[in-house]
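The values are calculated or read from the model by the stated rules, or taken from the named source; none is laboratory data. Just so you know, these numbers come straight off a predicted model, no measurement behind them. When we count neighbours, we look across all protein chains shown, and the Cβ atoms used for this are built from the backbone with ideal geometry, even at glycine.
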Amino acid sequence: MAAGLLAGCVGVEFPGGSAPVGPVPAPDTRGTGNQKVGRPYQIGGVWYYPRVDPGYDAVGLASWYGPKFHGRSTANGERFDMNKLTAAHRTLPMPSIVLVTNLENGRSVRLRVNDRGPFVDDRIIDVSRRAAQFLGFEQKGTARVRVQVLDANGQPADSRRVADAVPAPAGVGGPFFVQIASMSSLDNARRLRDAVARFGRAHIQKVWLDGRRFYRVRLGPYDGRSLAARTLDRLYDQGYYSARVFTDSIG
């Protein structure tokens, strides 16, 4: 969105479009091996300093952009397509692959950073309209999200996937559960439970945290870590990137 930098990648609420529940397609990863960091630049009197940040992990506000910028050049010279899984970030190298998780409903999607922005308030990322649909905030316009840079293996720096984890100490056993998401909406939790039922025994666990009620969508229990890890890998293959493995002792 090079032509629209001063517009600030403002996320505008447009009518129409639904937020699908379930697996999402992977982003276009072409060219990720040849990243461009870019020089420092100034927008609205503020200087920004692009840099390589493999451990980037931030929480903040996300917005989305679409029709107004569709077909325009992005900051790295590509054509912006609002129907692709892409995003704009102020400082990450282009392209980078990031995992964006909507903290309001637990949905997550991998996006390809190929643009600069947003330059509005405390927003940390601007996503395409298609990404906003998958993340479930197209109608709302903004959402509180977590953004994590993914490594060459497609994993965030602090990945807790059991398949790559150190074995549990002696005496620490199951049962193990694969948790897909934790959310405050029971209706959303039920839809997600139904969507992942094909992977195993899906259920909802109600918990209270800091005086608030949450609904955890989980698969299991599994007697062994390896069984849980295999289920986790299947979920990752189908786009459920926020899934994690827990024991019943983890709150």
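What tally of residues in the range 93-142 results from selecting those that are at negative phi and either outside any loop (DSSP other than H, G, I, E, B) or touching an Asp or Glu at 6+ places or on another chain (Cβ under 6 Å) (or both)? Counting residues in the range 93-142 that are at negative phi and either outside any loop (DSSP other than H, G, I, E, B) or touching an Asp or Glu at 6+ places or on another chain (Cβ under 6 Å) (or both) gives 31.
Of all residues in the range 76-97, those being buried (at least 23 other Cβ atoms within 10 Å of the Cβ), closer than 24 Å to Ala243 by Cα and in contact with a Phe, Trp or Tyr (Cβ under 8 Å, 6 or more places away or on another chain) number 1.
Could you please find all residues in the range 55-95 being acidic (Asp, Glu) and at pLDDT 90 or above? Walk me through it before giving the result.
The initial filter retains those residues of the range 55-95 that are acidic (Asp, Glu), namely 57, 78, 81.
Hits for the range 55-95 are Glu78, Asp81.
Taken as a whole, the structure places Pro25 among residues that are modelled with pLDDT under 90, exposed (fewer than 13 other Cβ atoms within 10 Å of the Cβ) and within 19 Å of the chain's Cα centre (by Cα). Regarding Leu135, is this residue under 15 Å from Gln35 (Cβ atoms), under 16 Å from the mean Cα position of the chain (by Cα) and in the same structural domain as Gly44 (by TED's automatic domain parsing)? No: the conditions fail for Leu135. Scanning the range 192-251 for residues that are closer than 25 Å to Gly136 by Cα, among the hydroxyl-bearing types (Ser, Thr, Tyr) and not in a helix (DSSP H, G or I) returns Tyr215, Tyr240, Tyr241, Ser242. Among all positions in the range 53-61, there is no residue which is hydrophobic (A, V, I, L, M, F, W, C), farther than 23 Å from Val37 by Cβ and in contact with a Phe, Trp or Tyr (Cβ under 9 Å, 6 or more places away or on another chain).
One residue stands out in the range 205-235 among those that are under 26 Å from Leu186 (Cβ atoms) and among the charged types (D, E, K, R): the one that is surrounded by the most Cβ atoms within 10 Å (Cβ to Cβ), namely Arg218. Taken as a whole, the range 70-84 holds at least one residue that is within 30 Å of Val196 (Cβ to Cβ) and in contact with an Asp or Glu (Cβ under 9 Å, 6 or more places away or on another chain).
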